[in-house]
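Undergrad: Let me give you the structure first, and then I'll get to my questions.
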Amino acid sequence: MKEQEEKKQLAALSKQLRKRKYFSIMLALFTLGVNIFAWFAFSANVGLTLDATVASWSVKFKDDNDVVVRNVVVEVTKMKPGMTDFSSTVSVENDSDVEADFDYEVTSLSILGNVVNLTSQANVFQYLSTYYPFAITFSTDKNSMTANDTLHFTVHVTWPFENSSSYYGQNNVYQYDDTFTYYTRSGNTYTPTTIANSVAYQNSINSLYLQKDDADSYFGMRCNDYETTSGSACLVLTMKLLVSQASDD
């Protein structure tokens, strides 16, 4: 009898342990499933779309002093770190009998709804490379056209991933995050510093830097959240493309 009772107790204990093991496995799978779903939910909402007036553009001159201007709005949405480099091109055709010069001007820049007015293209490149882990650059295959010639103006969007040696300054587009490590800079050396709260962050914002990985995480989520709530693009550039009759000099 005693032996039978011990067998019953062992069987009950074994059954109980199997239930616990099954519950633990199911809990682990559920947790993993939530994490996987959260990642793919984020991944499904990132990517890249560049919406610009990108088409062939025929230019004609009416008189010697004519300057033809085309306004272009570049809207970049659904950006993510490590995305495939993107480019989009405007073809400019000199549909006239005289030589023409080409130039472009960035008139405004908006990131997460914050507008920055800039005075030159050099400022755009410097501003983006100093504060943001992504970059927009421009290129053209020539700066002038002969009669009935064509040039190509291209907008490039890049967001390289996992380059932790880079650091980005803080400005009013950023918000305090206590999960990030902030740095101060002395020459080319970046030193971790303790920022206790958002007030201390705001007081020191102009001297603080984020490492590349944290800047990637921050803007990857902020761009997605901003577009979801506002319905507007994360990054908007307004540009002028200018074609003028070449001087005789």
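Undergrad: Any residue that is touching a Gly at 6+ places or on another chain (Cβ under 9 Å) and closer than 27 Å to THR77 by Cα - is there at least one of those in the stretch 178-189? First the steps, then the outcome.
TA: Here is the first cut: in the stretch 178-189, the residues touching a Gly at 6+ places or on another chain (Cβ under 9 Å) are 185.
Narrowing the set further to residues that are closer than 27 Å to THR77 by Cα leaves none.
Taking every residue of the stretch 178-189 in turn, none turns out to be touching a Gly at 6+ places or on another chain (Cβ under 9 Å) and closer than 27 Å to THR77 by Cα.
Undergrad: Taking LEU237 as meeting all but one of (1) in contact with a Ser or Thr (Cβ under 6 Å, 6 or more places away or on another chain); (2) part of a strand (DSSP E or B), write down the number of the exception.
TA: All conditions are met except number (1).
Undergrad: Considering the stretch 83-113 alone, what residues qualify as being at pLDDT 85 or above, part of a loop (DSSP other than H, G, I, E, B) and under 17 Å from ALA135 (Cβ atoms)?
TA: Answer for the stretch 83-113, where residues must be at pLDDT 85 or above, part of a loop (DSSP other than H, G, I, E, B) and under 17 Å from ALA135 (Cβ atoms): just LEU112.
Undergrad: Quick one: how many residues across the stretch 66-82 are more than 12 Å from the chain's Cα centre (by Cα) and part of a strand (DSSP E or B)?
TA: The first filter runs over the stretch 66-82 and keeps only residues more than 12 Å from the chain's Cα centre (by Cα), leaving 66-74.
Still in the running and part of a strand (DSSP E or B): 67-74.
Counting residues in the stretch 66-82 that are more than 12 Å from the chain's Cα centre (by Cα) and part of a strand (DSSP E or B) gives 8.
Undergrad: Looking at the stretch 223-232, can you tell me whether even one residue there is in the same structural domain as PHE125 (by TED's automatic domain parsing), in contact with a helix residue (DSSP H, G or I) (Cβ under 8 Å, 6 or more places away or on another chain), closer than 25 Å to SER87 by Cα and part of a helix (DSSP H, G or I)? If you could, list the steps in order and put the result at the bottom.
TA: To start, the set of residues in the stretch 223-232 that are in the same structural domain as PHE125 (by TED's automatic domain parsing) comprises 223-232.
After this cut, where a residue has to be in contact with a helix residue (DSSP H, G or I) (Cβ under 8 Å, 6 or more places away or on another chain) as well, the list is 224, 232.
Restricting the remaining residues to those that are closer than 25 Å to SER87 by Cα gives 224, 232.
Those left that are additionally part of a helix (DSSP H, G or I): 224.
So far as the stretch 223-232 goes, yes, one or more of its residues are in the same structural domain as PHE125 (by TED's automatic domain parsing), in contact with a helix residue (DSSP H, G or I) (Cβ under 8 Å, 6 or more places away or on another chain), closer than 25 Å to SER87 by Cα and part of a helix (DSSP H, G or I).
Undergrad: Between residues in the stretch 224-235 that are closer than 11 Å to LYS78 by Cβ and residues that are acidic (Asp, Glu) and in a helix (DSSP H, G or I), which pairs lie under 6 Å by C-beta distance while being six or more apart or on different chains?
TA: Every condition considered, the pairs that remain are CYS234/GLU227.
Undergrad: Against the definition (in the same structural domain as VAL76 (by TED's automatic domain parsing) and in contact (Cβ under 8 Å) with a residue 24 or more places away in the chain), how does ASP141 come out, yes or no? Talk me through it step by step, then tell me what you get.
TA: Details: in the same structural domain as VAL76 (by TED's automatic domain parsing): yes; in contact (Cβ under 8 Å) with a residue 24 or more places away in the chain: no.
Spelling it out, it is not the case that ASP141 is in the same structural domain as VAL76 (by TED's automatic domain parsing) and in contact (Cβ under 8 Å) with a residue 24 or more places away in the chain.
Undergrad: Further, regarding this structure: Please determine, by comparing only the residues of the stretch 114-146 that are within 15 Å of LEU241 (Cα to Cα) and in a strand (DSSP E or B), which one is nearest to the chain's Cα centre (by Cα).
TA: Residue satisfying both the conditions and the ranking: THR137.
Undergrad: Inside the stretch 50-82, can you point out the residues that are modelled with pLDDT of 80 or more, small (Gly, Ala, Ser) and buried (at least 16 other Cβ atoms within 10 Å of the Cβ)? Talk me through it step by step, then tell me what you get.
TA: In the first step, residues of the stretch 50-82 are kept if they are modelled with pLDDT of 80 or more; the result is 58-59, 67-82.
Next cut, small (Gly, Ala, Ser) only: 58, 82.
Those that are modelled with pLDDT of 80 or more, small (Gly, Ala, Ser) and buried (at least 16 other Cβ atoms within 10 Å of the Cβ): none in the stretch 50-82.
Undergrad: Given the condition more than 18 Å from LEU237 (Cβ to Cβ), surrounded by 17 or more Cβ atoms within 10 Å (Cβ to Cβ) and of a type in the set (Asp, Glu), answer yes or no: does some residue in the stretch 93-112 qualify?
TA: For the stretch 93-112, residues more than 18 Å from LEU237 (Cβ to Cβ), surrounded by 17 or more Cβ atoms within 10 Å (Cβ to Cβ) and of a type in the set (Asp, Glu): present.
Undergrad: For the stretch 128-148: of the residues being among the hydroxyl-bearing types (Ser, Thr, Tyr) and within 15 Å of TRP159 (Cα to Cα), which is surrounded by the most Cβ atoms within 10 Å (Cβ to Cβ)? So that I can check it myself, show each step before the final result.
TA: At the first step, the residues of the stretch 128-148 found to be among the hydroxyl-bearing types (Ser, Thr, Tyr) are 129-132, 137, 139-140, 144, 146.
Remaining after also requiring within 15 Å of TRP159 (Cα to Cα): 129-132, 137.
Values: SER129: 14, THR130: 12, TYR131: 18, TYR132: 20, THR137: 15.
Only one residue tops the list, namely TYR132.
Undergrad: Considering only the stretch 158-205, state which residues are loosely packed, with under 15 Cβ neighbours inside 10 Å, hydrophobic (A, V, I, L, M, F, W, C) and within 21 Å of the chain's Cα centre (by Cα).
TA: PHE161
The values are calculated or read from the model by the stated rules, or taken from the named source; none is laboratory data. Everything numeric here is computed off the predicted structure, so don't read it as measured data. Reconstructed Cβ throughout: ideal geometry from the backbone, glycine too, with neighbour counts over all protein chains shown.
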